[in-house]
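Asks: Below you will find the structure I want to go over with you.
The values are calculated or read from the model by the stated rules, or taken from the named source; none is laboratory data. Here the structure is a predicted model, which is why all the values come from computation and not from measurement. Note: ideal-geometry Cβ built from the backbone for every residue, glycine included; neighbour counts use all protein chains shown.
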Amino acid sequence: MIHINLKDENQEDYLPPNAWLVLVQQYNADLENNNIEAQASTPKGIKTRSFDLDTSNGRKDYFNFLGELWNQDDINLKEEFFENNNIVGSKCWYSEVDSVGAELEIEHFRPKGMVSKLDYTEVLGHKTWNLLDRPEDTQLKRETGYYWLTYNWKNYRLSCKTSNTIKSTYFPLLPKSNIALAPKEEGKEIPVLLDPLIASDTELVSFEKISKDEVKIVPSVSLPIINGVYHGDKESFKEENISDEQKWNYLRAEVSIWVFELNKMKKIQKARAEVWNDTEDLFKKIINDEGILKDIEGQIKIKVHKLSKHAAVARQVVSEFWLSGKISKDIYDRCLEDMNK
């Protein structure tokens, strides 16, 4: 998972096409103010209908009524904005899979319709779940999702079909989190799912090379239970002095890996391995002959660049070579200096 920065070098937001923003302005106002009367453009002109947005059926009717918003050929939000090279180009924000041969989809990070309850034991297994003190899911199944964010582009994430299909309507929250039940309350929530728009979230997962043809995403937080060290009972595990923050970070990583299906497809693991091996081979050449650094440096910069496939894998290889002392800090800095430009 790579950090997605929606701001330019002056820290100003990249904005969707103005035509889109103008079109959804009234829709957002309707949803945020819970208006029961809404308008939509149709081939026959402006239509007005009343809706009860306090009911799931009323919201469903409203979304269907405005459905043409997603289908207008003259407003191609995905291609004109989300797949823009200023961001990270045409690849999934969760898996870094590119769109060659498969259309990417715009998904709602906070589900617009309903929120489903996630069974943690299906993701973690009963033993691990019990060791984590079985923290209750704050957000149980709710018929009312974040409907007011339906046309809020900051709630959109660019996703491959695989990640979007399983993620669907899941949006669990950490224990004791507040629940946003109205507009502008989202900042009080503590989501479980990692958000690629938050740099610190993307640091909670890393890559592990299983074989020359397999690289998996794993939690960055290391707990005894995932290293095979722990074989005792729950009380012994507590004596390891593992903080709640470590537990929750581990939980967030594992759940996100499962929900976004980041390890399910073998061909994705193989594609990561190819990037890992190629980047590693380039550094081995530098180590054997630092005189060819200038020739190799450019190839590494391409590997780690935000537009390249599985750039996060290449960046980790760069970091590991530096942390292990195999390359200098100067080489490390030079290889990564242009990665987000």
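Asks: From the set of residues in region 23-39 that are out of contact with any helix residue (DSSP H, G or I) (no Cβ under 6 Å at 6 or more places or on another chain) and among the charged types (D, E, K, R), which is modelled with the highest pLDDT?
Replies: Ranking the qualifying residues of region 23-39, first place goes to Asp30.
Asks: Still on this structure, please answer the following. Of (1) at pLDDT below 95; (2) within 21 Å of Asp213 (Cα to Cα), Glu337 satisfies all except one. Which?
Replies: (2)
Asks: I've got another one for you. From the list Asn164, Asn130, Asn155, pick out the single residue that is of a type in the set (S, T, N, Q), under 17 Å from Leu251 (Cβ atoms) and either over 18 Å from the mean Cα position of the chain (by Cα) or outside the structural domain of Gln25 (by TED's automatic domain parsing) (or both). Quick ask: steps written out before the conclusion?
Replies: Details: Asn164 fails: under 17 Å from Leu251 (Cβ atoms); Asn155 fails: under 17 Å from Leu251 (Cβ atoms).
Just a single option satisfies the conditions, and that option is Asn130.
Asks: To continue, here is another question. Mind counting the residues in region 302-341 that are among the hydrophobic types (A, V, I, L, M, F, W, C), in a helix (DSSP H, G or I) and within 24 Å of the chain's Cα centre (by Cα)? Explain how you work it out, then say what you get.
Replies: Initial filter on region 302-341 (among the hydrophobic types (A, V, I, L, M, F, W, C)): 302, 304, 307, 311-314, 317-318, 321-323, 327, 331, 335-336, 339.
After this cut, where a residue has to be in a helix (DSSP H, G or I) as well, the list is 302, 304, 311-314, 317-318, 321-323, 331, 335-336.
Restricting the remaining residues to those that are within 24 Å of the chain's Cα centre (by Cα) gives 302, 304, 311-314, 317-318, 336.
Summing the residues that are among the hydrophobic types (A, V, I, L, M, F, W, C), in a helix (DSSP H, G or I) and within 24 Å of the chain's Cα centre (by Cα) in region 302-341 gives 9.
Asks: Still on this structure, I have one more. Scanning region 206-221 for residues that are closer than 17 Å to Trp258 by Cβ and in contact with a Lys or Arg (Cβ under 9 Å, 6 or more places away or on another chain), which turns out modelled with the lowest pLDDT?
Replies: If we take residues in region 206-221 being closer than 17 Å to Trp258 by Cβ and in contact with a Lys or Arg (Cβ under 9 Å, 6 or more places away or on another chain), then Val221 is modelled with the lowest pLDDT.
Asks: Just checking, how many residues over region 141-157 are of a type in the set (Phe, Trp, Tyr) and either assigned to a strand (DSSP E or B) or in contact with a Cys (Cβ under 6 Å, 6 or more places away or on another chain) (or both)?
Replies: So the count comes out to 1.
Asks: Is it the case that some residue within region 120-140 is at pLDDT 85 or above, in a loop (DSSP other than H, G, I, E, B) and surrounded by 16 or more Cβ atoms within 10 Å (Cβ to Cβ)?
Replies: No, region 120-140 contains no residue that is at pLDDT 85 or above, in a loop (DSSP other than H, G, I, E, B) and surrounded by 16 or more Cβ atoms within 10 Å (Cβ to Cβ).
Let's see how each residue does on (1) under 27 Å from Lys91 (Cβ atoms); (2) modelled with pLDDT of 95 or more; (3) in contact with a Phe, Trp or Tyr (Cβ under 7 Å, 6 or more places away or on another chain):
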{"residue": "Phe237", "(1), (2), (3)": "no, no, yes"}
{"residue": "Gln246", "(1), (2), (3)": "no, no, no"}
{"residue": "Leu251", "(1), (2), (3)": "yes, no, no"}
{"residue": "Ser256", "(1), (2), (3)": "yes, yes, no"}
{"residue": "Ile268", "(1), (2), (3)": "yes, no, no"}
{"residue": "Asn288", "(1), (2), (3)": "no, no, no"}
{"residue": "Ile292", "(1), (2), (3)": "no, no, no"}
{"residue": "Lys309", "(1), (2), (3)": "yes, no, no"}
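Asks: Which condition breaks for Phe260 when tested against (1) under 17 Å from Tyr94 (Cα atoms); (2) outside the structural domain of Lys91 (by TED's automatic domain parsing)?
Replies: Every listed condition holds for Phe260 apart from (2).
Asks: Of all residues in region 142-162, how many are of a type in the set (A, V, I, L, M) and more than 24 Å from Glu83 (Cα to Cα)?
Replies: Total meeting the criteria: 0.
Asks: From the set of residues in region 256-301 that are in contact (Cβ under 8 Å) with a residue 60 or more places away in the chain and either closer than 19 Å to Asp333 by Cα or outside any helix (DSSP H, G or I) (or both), which is nearest to the chain's Cα centre (by Cα)?
Replies: Among those residues, the one meeting the criterion is Phe260.
Asks: Moving on. Consider Asn155 carefully, then state whether it is surrounded by fewer than 20 Cβ atoms within 10 Å (Cβ to Cβ) and at pLDDT 90 or above.
Replies: So Asn155 passes the test.
Asks: Please work out which residue is nearest to Leu118 (Cα to Cα), limiting yourself to region 158-173 and to residues that are part of a strand (DSSP E or B) and not hydrophobic (A, V, I, L, M, F, W, C).
Replies: This residue is Tyr170.
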